[in-house]
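Engineer: So that we are looking at the same thing, I have put the structure below in structure tokens.
Read-outs throughout are calculated quantities, based only on the coordinates presented, and are distinct from any laboratory measurement. Keep in mind that what you see is a predicted model, and the values were worked out from it rather than measured. Cβ sites come from the backbone with ideal geometry, for glycine too, and all protein chains shown count toward neighbours.
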Amino acid sequence: MVHNERRKDYLLDRWVVIATERSRRPTDFAKQKKAQAAANVCPMCPGNEHMTPPAVLLYLKSNGEIVKDHDTDGLRHKNWLIRCVPNLYPAFSPPKTQSDQAHIMQSDDFGCAVGHHEVLVESPNHDEHPADAELPQLPRVVNAYVDRLRELSAKPYVKYVSIFRNHGLEAGASLSHAHSQVIATPFVPTIVEREIAASKNWWNQHKKCVFCDIMQRESKGPRLVLDNSSFVVFAPYASVHPMEFWIMPKKHAANMLNLTQTERKAFAEILKASLKALKDLVNDPPYNFGFHLALNRDAENCYHWHLEVYPCLAIWAGFEKNTGMYINTVTPETAAAELRKAITA
Ligand SMILES: [Zn+2]
Ligand SMILES: [Zn+2]
Ligand SMILES: [Zn+2]
């Protein structure tokens, strides 16, 4: 009898069973009817700025130029291109007093969720999601990610900044307006911490970046989806989600703070192309994406930032929740081949 393959993640101690159902192709995941967020008044659409807290960052049009600004208490700017506001129901909230910062960790198993939680409205156009975004709107979104990363990571109590996007109701987007979220935390979250620790080990043994190695290998192999001047897109060897792919910069860097304008544009282009391929292939499926990055000086050499895209095509059920081990019904090699086909189509 032929066994399914078990594969381990490049760095994490995380295993997946690649269990391909013979007749199941990526396109079989396409749903005809999609769950939609309730169509109430959209608090992110232009004209409804008063429905949100004052913006902490705005890109405004001014004489053909873009100027950065923010709202003040009574005033809400109009005519914005990008708008970043504090979340009305934040998971992490800023310290009000000096002593709040001392309460971040009160004991081994209790602390305060001190930090920031922001909503980044990617466009004044309700439906301008990355797969359909106009260039040059998408590089503005990338600029805003970097701006928020710079400001939040400079705060003494912030140890990590998670920048992520939920697309579609089943992926957790309760509002359908194109937006991302930014959560700054007073600790490095577990998965990133483990990736950093494993990459440090690799560095100590081999004196090189493990991600640079992974990227070189994947860019010549069957899991390559697409590349351009500055980025590589590939389906990771031990993908836990059907059709999962990662975007990795060719230039080694631990985070996005020093991305040039050319690289930001190249990132926006490859993000759009790969999300468009996913959209075309599986009828605009729900997905999550999130950046992995490192802010600590001591991770500069060993860690290499990347974006991970998780299409929501399968439900994590009893086995996954109960064991932390995963079953993926699409091989990463098939996922990459189908995405490549959708890109050239
Ligand atoms: Zn809207
Ligand atoms: Zn590297
Ligand atoms: Zn990662």
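Engineer: Setting aside same-chain residues fewer than 8 positions from LYS279, which lysines have a Cα under 18 Å from its Cα?
Structural biologist: LYS31, LYS33, LYS34, LYS341
Engineer: Give the long-range amide H neighbours of GLU5: residues separated by 5 or more places, or on another chain, with amide H under 5 Å away, using H modelled in the peptide plane at 1.01 Å from N.
Structural biologist: Placed amide hydrogens put ILE18 under 5 Å from GLU5.
Engineer: In percent, how large is the relative contact order of segment 131-198, given Cα pairs closer than 8 Å and 6 or more residues apart?
Structural biologist: Relative contact order, segment 131-198: 28 percent.
Engineer: Using just the helices of the chain, give the 222 nm mean residue ellipticity in deg cm²/dmol: DSSP H runs with n ≥ 4 each add -39,500 (n - 2.57), and the total is spread over all residues, rounded to 500.
Structural biologist: -8000 deg cm²/dmol
Engineer: Using only the alpha-carbon atoms of segment 160-254, report the extent along each of the three principal axes, biggest first, to the nearest angstrom.
Structural biologist: Here the spans come out as 45, 35, 26 Å, largest first.
Engineer: Let me have the relative contact order for the chain, percent, based on Cα pairs under 8 Å that are six or more residues apart.
Structural biologist: 21 percent
Engineer: Eigenvalues of the Cα gyration tensor times 5, then square-rooted: what semi-axes does that give for the chain, in whole angstrom, largest first?
Structural biologist: On the way: eigenvalues 204, 129, 86 Å².
Values for the chain, descending: 32, 25, 21 Å.
Engineer: Excluding residues fewer than 8 places away in the same chain, name every one of the lysines whose C-alpha is closer than 27 Å to that of LYS96.
Structural biologist: LYS68, LYS155, LYS159
Engineer: Next question. Mind ordering 251-260, 171-180 by average Cβ neighbours within 10 Å, highest first?
Structural biologist: 171-180, 251-260
Engineer: Also: Quick one: which residues, 5 or more positions from ILE82 or on another chain, have an amide H under 5 Å from its amide H? H modelled 1.01 Å from N in the peptide plane, none for Pro or chain starts.
Structural biologist: Excluding prolines and chain starts, which carry no amide H, the hits are TYR59.
Engineer: If you don't mind, there's one more thing I want to ask. Looking at the chain as a GNM with Cα springs under 10 Å, which of LEU11, LEU295, LEU278 has the largest mean-square fluctuation?
Structural biologist: Result for the chain, Cα springs under 10 Å: LEU11 fluctuates most.
Engineer: Moving on to the next point. Can you list the residues, at least 5 places off or on another chain, whose amide H is less than 5 Å from the amide H of HIS304, using H built in the peptide plane?
Structural biologist: The list, which skips near neighbours in sequence, is empty: none.
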